[in-house]
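The values are calculated or read from the model by the stated rules, or taken from the named source; none is laboratory data. Only a predicted model underlies this, so the values are computations on that prediction, with no experimental measurement involved. Cβ: placed from backbone, ideal geometry, glycine included. Neighbour counts: every protein chain shown.
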Amino acid sequence: MGRTHDVIISGFDLNILESKLLQVTEQRDELAKALKEILPLLPTASCDMFHHSKKDRHDYGEECKPLARYNSKIKKAEEALMINKV
Ligand SMILES: [Zn+2]
């Protein structure tokens, strides 16, 4: 990382920030790797696999909210992996 100048601000240490950024980036990469490995192992879900709380109960043929939430979380995880290109 090139620097054209250093700015001195009391209590501010760029080296500490860069070190923490590196640490957090490594943690992110490990989590992304674990997520990438677990996603293909998740079952294709169906309505009967979920507990339905009172507010989530529905008739046959109506949208299954627990199933929709499950699929939405998987999609978000896949999108996050694509964004981070891990
Ligand atoms: Zn359902």
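Per this entry, Val7 is not counted among residues that are at negative phi, outside any helix (DSSP H, G or I), surrounded by 10 or more Cβ atoms within 10 Å (Cβ to Cβ) and at pLDDT below 95.
Taken over segment 37-70, the residue count meeting the criterion of being surrounded by 14 or more Cβ atoms within 10 Å (Cβ to Cβ) and in a helix (DSSP H, G or I) is 6. Whenever a residue of segment 59-86 is more than 16 Å from Ala34 (Cα to Cα), its partners that are at pLDDT 95 or above and assigned to a helix (DSSP H, G or I), lying with C-beta atoms within less than 6 angstrom and at least six residues away or across chains, give the pairs Cys64/Cys47; Lys65/Asp56; Pro66/Asp56; Leu67/Cys47. Of the residues making up segment 17-69, just one is within 17 Å of Ala80 (Cβ to Cβ) and within 16 Å of the ligand (Cβ to nearest atom), namely Arg69.
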